[in-house]
1. Taking the condition modelled with pLDDT of 90 or more, closer than 19 Å to LEU40 by Cα and assigned to a helix (DSSP H, G or I), does ALA79 pass?
2. Can you tell me which of (1) at pLDDT 95 or above; (2) buried (at least 20 other Cβ atoms within 10 Å of the Cβ); (3) hydrophobic (A, V, I, L, M, F, W, C) is the one VAL72 doesn't meet?
3. I'd like the full set of residues that are within 16 Å of the chain's Cα centre (by Cα), within 22 Å of GLY129 (Cα to Cα) and in a loop (DSSP other than H, G, I, E, B), limited to segment 28-72.
4. Give me the residue from segment 17-27 that is touching a residue at least 24 places away in the same chain (Cβ under 8 Å) and part of a loop (DSSP other than H, G, I, E, B) and, out of that set, farthest from ARG110 (Cα to Cα).
5. Filter segment 94-142 down to the residues that are under 14 Å from the mean Cα position of the chain (by Cα) and part of a helix (DSSP H, G or I), then identify the one that is surrounded by the most Cβ atoms within 10 Å (Cβ to Cβ).
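The values are calculated or read from the model by the stated rules, or taken from the named source; none is laboratory data. Being a predicted model, the structure only gives us computed values, none of them experimental. A quick note on method: Cβ atoms are made from the backbone with ideal geometry, for glycine too, and the neighbour counts reach across all protein chains shown.
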Amino acid sequence: MKQIWGVANAEIDKVWSDVSRLLERIKDCDKTLTEIYQGLRDRKYQLWTGWEDHDLSLVLVTETYTLKGRQVCSLFLCAGNDMDRWLDYFPAVEKWAESKNYEVCQLVGRKGWARVLKAMGYQVTGQDGDKYIISKELKNEF
């Protein structure tokens, strides 16, 4: 059974050891694990964990902000085992973002992400250096 959980601030320390093992795999992150941890503790970022049969299969860190007058939920960091098994966690995060009146989910990454996420309604909306800005408009039907 697959489940994704938004980790409450008071619970971060309980899962950090497992979470950090997955996050340290990310090679092109411009933040250290200490900076990510502090951002989570300061509530600058939100932590999501995906579980499959009691095993941690996904760590997702989101950051929310306003950009050009639009409310954005950035899928800031993503790490896990076997991408095909955890992409279906994204809609739950999108629903959460919609419920908080965010207008767009967005990530910045390699072009391959655009290809993978196209079927889920994401498209390339810009470029930042050698990275692509990949976005999905949210419906905000709440």
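1. Considered against the rule, which asks whether it is modelled with pLDDT of 90 or more, closer than 19 Å to LEU40 by Cα and assigned to a helix (DSSP H, G or I), ALA79 comes out as no.
2. So the condition that VAL72 fails would be (2).
3. ASP28, CYS29, ASP30, LYS31
4. Here is the first cut: in segment 17-27, the ones touching a residue at least 24 places away in the same chain (Cβ under 8 Å) are 18-19, 22-23, 25-26.
In the following step, the residues that additionally are part of a loop (DSSP other than H, G, I, E, B) were identified as 25-26.
Details: ARG25: 16, ILE26: 13 Å.
My answer is ARG25.
5. Checked segment 94-142; the qualifying residue surrounded by the most Cβ atoms within 10 Å (Cβ to Cβ) is ALA97.
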